[in-house]
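Please read the structure below before turning to the comments.
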Amino acid sequence: MALKDSNVMVRIPEELLPLLNDLVHGKSVDENVRISLAISFFVGKTISLAKASEIAGLSLNDFIYILNTRNIPWSEYTESDFLQDSVAIRELVRESGD
């Protein structure tokens with residue numbers, strides 16, 4: 001489902017504009033704000049990765065690239081995931097040794 005745009009006026013102090021433009025390299029201030037909000041919502045776990053890329057107006061790959069350039073992890077690999085992988089690897093090794 002495509003997002004519907006709304007026009008909202010937000011006042012941004014002039015001294016913040018260079019910081020915003022350095023943070024995100026969009027084509028406009030509007031695009032930079034949208035990408036920054038998407039990153040913030042994603043990092044705060046308010047929205048999913050896919051929804052964040054949609055809000056940012058970017059493909060999933062492009063959004064992940066932006067996250068990577070800022071050293072923001074885009075996936076979680078939990079201890080539970082590690083334990084499940086360890087069991088699966090042991091089973092695969094055992095099966096291949098038979």
### Filtered chymotrypsin sites (Phe, Trp or Tyr not before Pro), the chain: DSSP coil and at most 11 other beta carbons within 10 Å
Tyr77
### Summary
Quarter of the surface of the C-alpha convex hull for the chain, i.e. direction-averaged projected area in nm², equals 9.3
### Query
With a sphere of radius 14 Å drawn around the Cβ of Val87, what net charge do the other residues whose Cβ falls strictly inside it have (Lys, Arg +1; Asp, Glu -1)?
-3
### Query
Sorted by accessible area (1.4 Å probe), largest first, how do Ser96, Ser75 line up?
Ser96, Ser75
### Message
Of the candidates Ser59, Ser86, Ser36, which one comes out as most mobile in a Gaussian network treatment of the chain with C-alpha springs shorter than 10 Å?
### Response
Ser86
### Message
If you filter region 10-98 for GluC sites (Glu not before Pro), then keep DSSP loop positions with at most 14 other Cβ within 10 Å, what is left?
### Response
Glu76
## Note on the structure
Taking a probe of 1.4 Å and leaving out DNA, RNA and ligands, the chain shows per residue an accessible area in Å² of 81
### Query
If one computes the Cα centroid of region 22-37 and of region 66-84, what distance in Å separates the two points?
24
### Message
In whole percent, and with a 1.4 Å probe on the protein chains, what portion of the accessible area of the chain is carbon and sulfur?
### Response
57
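The values are calculated or read from the model by the stated rules, or taken from the named source; none is laboratory data. Computed from a prediction, not measured in an experiment: that's the story for all the values here. Quick reminder, even Gly has a Cβ in these numbers, built from the backbone with ideal geometry, and neighbours come from all protein chains shown. Only protein heavy atoms, including side chains, enter the accessible area calculation; ligands, DNA and RNA are left aside. Shrake-Rupley method; radii C 1.70, N 1.55, O 1.52, S 1.80 Å.
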